[in-house]
Amino acid sequence: MKTLLKTSIYFLVIAFLNACNTDFNGYYFESLTDIPSSDTYNEKYKDYEENPFIKVSEYPVSTFSVDADGGSYANMRRFLHLGQTPPKESVRIEEFINYFTFDYKEPASGENVSLESEISTCPWNTEHHLLRLGMKGMTIPADKLPNSNYVFLIDVSGSMDSPDKLGILKTGFKTLVDNLRDQDKIAIVTYAGQAAVLLKSTYGHEKRKIKSAIDKLGAGGSTAGAAGIITAYEIAEKNFIQNGNNRVILGSDGDFNVGPSSTEELIELIEEKRESGIYLTVLGVGGGNLNDHMMEQIANKGNGNYEYIDNAKQIEKVFTHEILKFYTVAKDSKIQITFNPTMVDSYRLIGYENRKLNDEDFENDTTDAGEIGSSQTITALYELVLLDVPDTEKYAQFDFRYKKPNETQSRLIAHEINTTPKEMRFSSENMRFAASVAGLGLLMKQSEYKGTLTKQMVLDLGREAKSFDPNGYRKEFIELVTDWNN
């Protein structure tokens, strides 16, 4: 009844704004912008099976691609603001964890990525341990940032005609315009029944002209998403900046219905386009018909990242606080962990189910993998069963391969995991907060591996691990979990 009332109020507000011809800016009624259509069953998610425990004696090597997305976490927050728990198939635990920035060190001189590791006891299974892997992309000083060539690709089809979709995208893109430097360029492509160029590539000093074009955006018609993607890449290629930041930013609910529209067809298209050296950021918006699976996958295959925009604070996060992520410092980033069978009995990678790679892909430079942006941190957790032996040897070898943005040959960084395991309460804040967020994901996924996890355990871990919280996202996490009626 509470959800029905909130949704009814939401649509009454939308009707009022439409009647007044008032432009939504995402800041007036922030909590209501989180409310999707009441029919969430039309939303499309992919239910990946959880990674099982694997015996080291049989398969000592674990290989996967990094994941820099945060879309699953923000989408979860939308459901919580509705008083609902998200569908378990929408939960990608690695995206919960990587929504947050961790306190990791800068890379060594000559490298674009740093590595670290830590082992602690596992709070939800006292017989097990957790292994944390940490990575950080090099922070590029402001005066060293490459020039940017952006193409905004904006869905203006009929399904986008609401404040929490086209309205919030317009606000987000204006925020990015505010952060442009004079030498940066932006073009705007729209698509409904067909693709159209709303604004030719324009330099950043013409902010009024760019914002005026954004203000003209309106929604209506069917959705020719593939045509829009082709046009956007053509414009990005025409204005390509050598050694620059060339990026298409797609904003949509993913409800493509004209031309190639299946996830498989769109992935094939994106895989072809990524060879151009142009990166892709995908922004999901709205609810009811959200195609989360498709958008996450084309971002994955398009040398890019996927974010969900649910409110004004998320706009600020993506386009202001973490704008450096748009500047890729490591591409095709791959992780390979080789466990020591004399120290580790078995292991389970938490999350990353759709990022697994064959072991031979690790050294294959033609294999696509994930991207890391400037100053971005990536975290992965394994749950381990350790052998009852003296702590005299390394537990595992952590190998990491990546390519610098303008290089085609990968480089290898090696890190020995030989740290002595600690009790969780004595571990770093990085470990405790990662375990807290992973714990929430395990609960929401209704994981068979959640052990003795409770909401209180998640809160206890998180509350004691938020002294590093540059923009207050850890504090918001605690508030979200506290209010969650599980």
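Read-outs throughout are calculated quantities, based only on the coordinates presented, and are distinct from any laboratory measurement. Only a predicted model underlies this, so the values are computations on that prediction, with no experimental measurement involved. Positions of Cβ are backbone-derived with ideal geometry, glycine not excepted, and every protein chain shown enters the neighbour counts.
Side notes on the structure shown:
- Positive-end residue, the chain charge dipole about Cα centroid, Cβ charges, pick of Tyr59, Ile93, Ala74: Ala74
- Inter-probe distance in nm under a simple model that places probes 7 Å from Cα toward Cβ, at Glu237 and Thr85: 4.8
- Burial order of peptide ranges 154-161, 384-391 (average beta-carbon count within 10 Å, highest first): 154-161, 384-391
- Distance cut-off 28 Å, percentage of C-alpha pairs in the chain lying past it: 51
- Placing +1 on the Cβ of every Lys and Arg and -1 on the Cβ of every Asp and Glu, with no other charges, gives the range 299-370 a dipole of roughly 300 debye about its Cα centre.
- Peptide packing: for 130-143, 107-120, the average count of neighbouring Cβ atoms within 10 Å per residue gives the ranking 130-143, 107-120, highest mean first.
- The peptide list 434-447, 349-362, 409-422, put in order of mean Cβ contacts within 10 Å with the highest first, becomes 434-447, 349-362, 409-422.
- Potential lengthening of the chain between Lys207 and Asn179 amounts to 9.1 nm, from the contour at 0.36 nm per residue minus the alpha-carbon distance.
- Straight-distance candidates among the lysines for linking to Lys450, with alpha-carbon spacing under 17 Å and chain neighbours fewer than 8 residues away dropped: Lys88.
- Pairs from the table (Lys207/Lys317; Lys46/Lys445; Lys170/Lys331; Lys238/Lys273; Lys55/Lys455; Lys200/Lys238) lying more than 19 angstrom apart at Cα are Lys207/Lys317; Lys170/Lys331; Lys55/Lys455.
- Two-site label geometry, Asp143 and Thr320: point separation in nm, points 7 Å out along Cα→Cβ: 2.6
- 0 to 90° range, to nearest 10: angle between helix 292-301 axis and the chain longest Cα axis: 70
- Helix 429-444 and the long axis of the chain differ in direction by around 70°, with both axes built from C-alpha atoms.
- Residue-span extension gain [Asn42 to Asp215] - 0.36 nm each, minus C-alpha spacing: 59.3 nm
- Basic side chains Lys and Arg get +1 at the Cβ, acidic Asp and Glu get -1 at the Cβ, and with that the dipole of the chain about its Cα centre reaches some 1500 debye.
- Charge-dipole axis of the chain as Lys and Arg at +1 and Asp and Glu at -1 on Cβ define it, positive-most pick from Gln242, Leu442, Ala299: Gln242
- In degrees, nearest ten, helix 263-273 long axis to first principal axis of the chain (Cα): 90
- Rounded to the nearest 20 debye, the dipole size of the range 94-172 about its Cα centre is 240 debye, using +1 on the Cβ of Lys and Arg and -1 on the Cβ of Asp and Glu.
- Förster radius 35 Å - calculated FRET efficiency between Ile267 and Arg411, Cβ distance, rounded to 0.05: 0.80
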